[in-house]
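Reviewing the structure listed below.
The values are calculated or read from the model by the stated rules, or taken from the named source; none is laboratory data. The model shown is predicted, which means the values in this text are computed figures rather than measured ones. So basically every Cβ, Gly included, is an ideal-geometry build from the backbone, and we count neighbours across all protein chains shown.
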Amino acid sequence: MVLRVLIVDDEALARSRLKSLLADCTAPGARVVGEAANAAQALQCVSQQVVDVVLADIHMPGEDGLALAQRLRALPQPPAVVFVTAYAEHALQAFELAALDYLTKPVRLERLQASLQKIERLIHINKGFEPDLTHDVLLIQERGRTERLPLAEVLYLKAELKYITVRTASRTYILEGALSELESRYAERFLRIHRNALVARQAVRSLERHHDPMEGDGWAVRLDRVNEPLLVSRRQLAAVRALLEAG
């Protein structure tokens, strides 16, 4: 697919560099449908055509990129926002405003390509840009950077000693927080199967007998795209069976 991109930066040279990088992007490709030097021009562009992605600088005359993101977020069908800036200190605030990524200048082609691929996955997950596209994500702090992980990619959440293991089909993340809080917030998406584990409802494939060295004979679930079985407590066994019977 080809993503329709709006570049917002008050420096013409910065816009030109991004255009060159976007021309080299593949899978997905990118087509620049507009350029803007400030937030007002950006909002006008978005009102006149369909925009999938806004690549926005933060420090601009007038309303800055953070204010622009707030304005875009209020639209009926908001585009994905990716900040492109020389300053890293606004990263956490940017993610709190539902930016899908945060790129620091000078932008590398590989990093820009990865950002576009993330947006493409979200399009497929959401079947098009819907009003809540930028919602329902986990903020992962890792090695000095913050990443937005869509909940739709999470297969299970498992409480360890002082953190939560977050598992997707391709990798594992570490998250600080309480499992009970995530269960309460995302009950429609995740099912508790054990005192220390939540699983994505749509990922549950089967329930089977299982022997655990610590807990003895019992039950475990199998999830799509995960090899390891996950223990099911006796208290949660009925809920798991009900989920499987519901199809």
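Inspect region 113-125 for any residue being at pLDDT 75 or above and either on the phi > 0 side of the Ramachandran plot or part of a loop (DSSP other than H, G, I, E, B) (or both) and give the result as yes or no.
No.
Kindly provide the set of residues from region 1-42 that are in a loop (DSSP other than H, G, I, E, B) and either touching a strand residue (DSSP E or B) at 6+ places or on another chain (Cβ under 6 Å) or modelled with pLDDT under 95 (or both), ordered by number.
Passing the criteria: Met1, Asp24, Cys25, Thr26, Ala27, Pro28.
To keep it simple, each residue is scored yes or no on (1) on the phi > 0 side of the Ramachandran plot; (2) over 18 Å from the mean Cα position of the chain (by Cα); (3) outside the structural domain of Tyr102 (by TED's automatic domain parsing); (4) assigned to a loop (DSSP other than H, G, I, E, B).
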{"site": "Gln141", "(1), (2), (3), (4)": "no, no, yes, no"}
{"site": "Leu157", "(1), (2), (3), (4)": "no, no, yes, no"}
{"site": "Arg167", "(1), (2), (3), (4)": "no, no, yes, no"}
{"site": "Ser184", "(1), (2), (3), (4)": "no, yes, yes, no"}
{"site": "Leu191", "(1), (2), (3), (4)": "no, yes, yes, no"}
{"site": "His210", "(1), (2), (3), (4)": "no, yes, yes, no"}
{"site": "Met214", "(1), (2), (3), (4)": "no, yes, yes, yes"}
{"site": "Asn227", "(1), (2), (3), (4)": "no, yes, yes, yes"}
{"site": "Arg235", "(1), (2), (3), (4)": "no, yes, yes, no"}
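Among the residues of region 97-112, count how many are among the β-branched types (Val, Ile, Thr) and at pLDDT 90 or above.
1
Conditions tested, residue by residue: (1) farther than 22 Å from Thr172 by Cα; (2) modelled with pLDDT under 90.
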{"residue": "Arg209", "(1), (2)": "yes, no"}
{"residue": "Met214", "(1), (2)": "yes, yes"}
{"residue": "Asp217", "(1), (2)": "yes, no"}
{"residue": "Arg222", "(1), (2)": "no, no"}
{"residue": "Pro229", "(1), (2)": "no, no"}
{"residue": "Val232", "(1), (2)": "no, no"}
{"residue": "Leu237", "(1), (2)": "yes, no"}
{"residue": "Leu243", "(1), (2)": "yes, no"}
{"residue": "Ala246", "(1), (2)": "yes, yes"}
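I need the full set of residues from region 194-247 which are of a type in the set (Gly, Ala, Ser) and crowded, with 18+ Cβ neighbours inside 10 Å, in order please.
Those that are of a type in the set (Gly, Ala, Ser) and crowded, with 18+ Cβ neighbours inside 10 Å: Ala197, Ala200, Ala203, Ala220.
Looking only at region 168-182, decide whether some residue is among the basic types (Lys, Arg) and either modelled with pLDDT under 85 or surrounded by 17 or more Cβ atoms within 10 Å (Cβ to Cβ) (or both).
No, region 168-182 has no match at all.
Looking at region 13-35, which of its residues are farther than 21 Å from Ile119 by Cα and either of a type in the set (Gly, Ala, Ser) or not assigned by TED's automatic domain parsing to the domain that holds Met60 (or both)?
Answer for region 13-35, where residues must be farther than 21 Å from Ile119 by Cα and either of a type in the set (Gly, Ala, Ser) or not assigned by TED's automatic domain parsing to the domain that holds Met60 (or both): Ala14, Ser16.
Which one is nearest to Val51 (Cα to Cα), of the residues in region 65-83 that are among the small types (Gly, Ala, Ser) and touching a residue at least 40 places away in the same chain (Cβ under 8 Å)?
Among residues in region 65-83 that are among the small types (Gly, Ala, Ser) and touching a residue at least 40 places away in the same chain (Cβ under 8 Å), the one nearest to Val51 (Cα to Cα) is Ala80.
Condition check ((1) more than 17 Å from Thr165 (Cα to Cα); (2) in contact with a Gly (Cβ under 7 Å, 6 or more places away or on another chain)) across all residues:
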site	(1), (2)
Leu191	no, no
His210	yes, yes
Pro213	yes, no
Leu223	no, no
Pro229	no, no
Ala238	yes, no
Ala242	yes, no
Ala246	yes, no
